[in-house]
Each structure stands twice: as structure tokens, then as C-alpha cells.
Ligand SMILES: [Fe+2]
Ligand SMILES: [Fe+2]
């Protein structure tokens, strides 16, 4: 929660609440779900990671800041292009470590060519897919509380 508060401060992170990611889940909720899941997996499997970088990278992995559901040619390739867009936006607001840059840039593997090199990036890749599947299956009709 401390890392989340820090990321929210002096950045555009709150804007991620304005965009839907999957089903009725906002980009902000998705990123928090992914950060929690990646952290949970690392603890359960006793994988030694830099916890701050893991959580920060996960919170910022979809920091692209636009509605990818709007119909456009650009958005039709969102799955391939948004990691670089998210990285470029995050660089404007944050000092990112090499691990955080790796996490953001390579989280869509194997859709994008390069696999994440760091343990934190691999955990993010897994947690993102688990959360995306859960959020998509939950659908659009979930009551938001
Ligand atoms: Fe993504
Ligand atoms: Fe994601």
C-alpha cells in the first residue's frame, strides 16, 4: 500500500481509473490486481525478488493512458504496441530501474518478441495473464463495489 501511495503521488496513475482494461475492470484495478498476484506468487513459491521493483513495475506495466477499446487502426494493434507506449509514459513520470523497464517492456511476451529477462518480469508476465483471464471471464456485468 505504501508503494501504491507513492506511485499515485505526483504522477498520472489516477488517470488509469478512467479506462477499462478487461470486462468491467479498470486499468487501475487491473494493475493493482496484477501487483498483488505477482507478489503473492513470489511469496508462495519463495522466489527471491526485489519486492519494491516487482510492485512498482507491476503497477506501471499498463501505464499507456488511453482507451484502447476505441475503434482505430492504432488500437487494433494495441496488444503489440502498448508495452512500449506504457514504458515511454512511465519514463515521463518516474525514474525506472532496469528491472522495471524490462517488466513493462516485455510483459506481453509471447505476443511481443522478447521474453522478460528478470525474475520480476517473468512473475509479472504470469500474473498479468492470470488476472486478465479472470477479469475477462468475470465479464462486463459485474457489480462494481
Ligand atoms: Fe498490458
Ligand atoms: Fe496488464
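The values are calculated or read from the model by the stated rules, or taken from the named source; none is laboratory data. Since this is a predicted model, take the numbers as computed values, not measurements. Reconstructed Cβ throughout: ideal geometry from the backbone, glycine too, with neighbour counts over all protein chains shown.
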Legend entry - Residues that are in a helix (DSSP H, G or I) and either touching a strand residue (DSSP E or B) at 6+ places or on another chain (Cβ under 9 Å) or surrounded by 21 or more Cβ atoms within 10 Å (Cβ to Cβ) (or both), drawn from region 23-33: 27, 28, 29, 30, 31, 33
Inset, instruction - Could you pull out the residue among 120, 95, 135, 100 that is touching a strand residue (DSSP E or B) at 6+ places or on another chain (Cβ under 6 Å) and under 24 Å from residue 4 (Cα atoms)? - result: 135
Inset, instruction - Please tell me if residue 87 is under 18 Å from residue 34 (Cβ atoms) and in a helix (DSSP H, G or I). - result: yes
Inset, instruction - Go through (1) buried (at least 16 other Cβ atoms within 10 Å of the Cβ); (2) closer than 22 Å to residue 102 by Cα; (3) touching a helix residue (DSSP H, G or I) at 6+ places or on another chain (Cβ under 9 Å) and name the single condition residue 20 misses. - result: (2)
Inset, instruction - Would you mind telling me which numbered condition in (1) surrounded by fewer than 13 Cβ atoms within 10 Å (Cβ to Cβ); (2) away from ligand 1 (no atom under 13 Å from the Cβ); (3) modelled with pLDDT of 95 or more; (4) farther than 22 Å from residue 28 by Cβ residue 47 fails? - result: (1)
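Yes or no, residue by residue, for (1) surrounded by 13 or more Cβ atoms within 10 Å (Cβ to Cβ); (2) more than 16 Å from ligand 1 (Cβ to nearest atom); (3) more than 19 Å from residue 22 (Cβ to Cβ); (4) modelled with pLDDT of 95 or more:
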site	(1), (2), (3), (4)
87	yes, no, yes, yes
98	no, yes, yes, yes
107	yes, no, no, yes
127	yes, no, no, yes
138	yes, yes, no, no
Inset, instruction - Kindly indicate the residue of region 53-77 that is in a helix (DSSP H, G or I) and surrounded by fewer than 18 Cβ atoms within 10 Å (Cβ to Cβ) and also farthest from ligand 1 (Cβ to nearest atom) among those meeting that condition. - result: 76
Legend entry - Selection status of residue 82, out of contact with any strand residue (DSSP E or B) (no Cβ under 6 Å at 6 or more places or on another chain) and either in a loop (DSSP other than H, G, I, E, B) or away from ligand 1 (no atom under 16 Å from the Cβ) (or both): no
Inset, instruction - Mind listing just one residue for me: the one in region 104-126 that is assigned to a helix (DSSP H, G or I) and within 11 Å of ligand 2 (Cβ to nearest atom) and, of those, nearest to residue 82 (Cα to Cα)? - result: 104
Legend entry - Qualifying position, being over 22 Å from residue 117 (Cβ atoms) and modelled with pLDDT of 95 or more, among 78, 61: 78
Inset, instruction - Would you check if residue 36 is over 10 Å from the mean Cα position of the chain (by Cα), assigned to a loop (DSSP other than H, G, I, E, B) and within 15 Å of ligand 2 (Cβ to nearest atom)? - result: no
Inset, instruction - Would you check if residue 129 is assigned to a helix (DSSP H, G or I), closer than 11 Å to residue 54 by Cα and free of Cβ contacts under 8 Å to residues at least 12 places away in the same chain? - result: no
